[in-house]
1. Please identify the pairs in which a residue from region 8-29 that is open to solvent by less than 50 Å² (accessible area, probe 1.4 Å) has its Cβ atom under 6 Å from the Cβ atom of a residue that is small (Gly, Ala, Ser), counting only partners at least 6 apart or on another chain.
2. Read through the list (1) out of contact with any Leu (no Cβ under 6 Å at 6 or more places or on another chain); (2) not in a helix (DSSP H, G or I); (3) not charged (D, E, K, R), then give the number of the only condition that PHE104 fails.
3. Need the failing condition index for MET205 against (1) in a loop (DSSP other than H, G, I, E, B); (2) surrounded by fewer than 19 Cβ atoms within 10 Å (Cβ to Cβ); (3) in contact with a helix residue (DSSP H, G or I) (Cβ under 9 Å, 6 or more places away or on another chain), just the number.
4. Taking the stated definitions as given, is LEU75 surrounded by 14 or more Cβ atoms within 10 Å (Cβ to Cβ) and assigned to a helix (DSSP H, G or I)?
5. Does ILE185 fit the bill of being outside any helix (DSSP H, G or I), touching a residue at least 40 places away in the same chain (Cβ under 8 Å) and of a type outside the set (Lys, Arg)?
6. Taking the condition in contact (Cβ under 8 Å) with a residue 12 or more places away in the chain, farther than 30 Å from GLU93 by Cβ and surrounded by 12 or more Cβ atoms within 10 Å (Cβ to Cβ), does ASN33 pass?
7. What number of residues in region 208-238 are under 17 Å from the mean Cα position of the chain (by Cα) and part of a loop (DSSP other than H, G, I, E, B)?
8. Is there a residue in region 137-145 that is of a type in the set (Lys, Arg) and over 16 Å from the mean Cα position of the chain (by Cα)?
Amino acid sequence: MESKQWYMEYKIFKNRPGLLGDVASLMGMLDINIVTINGVEDRTRGMLLQTNDDEKIDLLGKMLKKVDNITITALREPKLVDILAVRHGRYIERDSDDRKTFRFTRDELGLLVDFLGEIFKRDGNQVVGLRGMPRVGKTESIIAGSVCSNKRWTFVSSTLLRQTVRSQLSEDEMSSNNVFIIDGIVSTLRSNEKHYSLLQEIMSMPSTKVIEHPDIFIRESEYTYDDFNYIVELRHTPDEEISYESFTNGFADY
């Protein structure tokens with residue numbers, strides 16, 4: 001059987017000396033490799049494990065249930081949030097009702113860039129919405145995430161580049177391996193017919209699209225919330241309100 005990874009997480013009730021060694025020894029006897037290990041939030045440890053035998057993981061879980069001082073809280077094939085939790089030592093904040101929405105603050109840009117980079121590495125159609133007030137770091141994070149994923153980025157519309165509205169792209173720019181950056185406000189409130197035709201073509205491509213201001217994009221276009229795979233919110237502070245009125249009024253005259 002081919003080796004695959006698993007994510008294991010356990011809560012520590014009494015962090016006695018030698019506890020981690022005991023857990024690691026048990027895994028060693030089962031020939032389960034520890035790929036990455038880190039503390040995840042308060043008194044919680046997360047591990048990425050690797051084995052070619054699923055039954056060994058099942059047996060490990062049953063055995064660890066009998067170990068005093070710890071409680072297994074997760075034992076599953078790793079999700080993206082699990083991989084990043086082990087890498088950064090904390091979980092990404094996620095909306096309890098809307099599971100496709102992930103929240104970051106500006107002091108977590110490193111985690112955000114890593115998150116976007118992992119998403120961008122995937123092939124096929126992906127649509128990511130990025131909410132946030134002006135100058136919070138949205139576009140910069142998208143570009144950095146593209147660099148992390150070793151992909152080229154292409155601006156379709158942007159306020160960063162003097163309110164750029166593209167009506168055509170070169171053959172290289174139209175590659176499905178590129179990350180397309182779209183400003184939802186510019187593309188819907190200041191677009192022309194040629195730009196919107198290009199936008200529709202890009203949206204139908206099997207590629208990654210990142211749309212800043214997705215709420216305006218949905219409100220002013222034929223696309224819906226269901227077209228998005230992820231919604232990312234970036235704030236200066238956790239309690240900052242994301243309001244579009246202050247920077248959409250200027251587009252009303254176009």
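1. GLU9/GLY46; GLU9/ALA74
2. In the conditions (1) out of contact with any Leu (no Cβ under 6 Å at 6 or more places or on another chain); (2) not in a helix (DSSP H, G or I); (3) not charged (D, E, K, R), PHE104 misses (1) alone.
3. Of (1) in a loop (DSSP other than H, G, I, E, B); (2) surrounded by fewer than 19 Cβ atoms within 10 Å (Cβ to Cβ); (3) in contact with a helix residue (DSSP H, G or I) (Cβ under 9 Å, 6 or more places away or on another chain), only one is false for MET205: (3).
4. No.
5. Criteria not met by ILE185.
6. The answer is yes for ASN33.
7. Of the residues in region 208-238, 3 are under 17 Å from the mean Cα position of the chain (by Cα) and part of a loop (DSSP other than H, G, I, E, B).
8. Checked against the condition, which is being of a type in the set (Lys, Arg) and over 16 Å from the mean Cα position of the chain (by Cα), region 137-145 yields no hits at all.
The values are calculated or read from the model by the stated rules, or taken from the named source; none is laboratory data. For clarity, every value in this text was computed on a predicted model and none was experimentally measured. Note that each Cβ is placed from the backbone with ideal geometry, even for glycine, and that neighbours are counted across all protein chains shown. Surface areas here come from the heavy atoms of the whole protein model, side chains and all, with no ligands, DNA or RNA. Shrake-Rupley method; radii C 1.70, N 1.55, O 1.52, S 1.80 Å.
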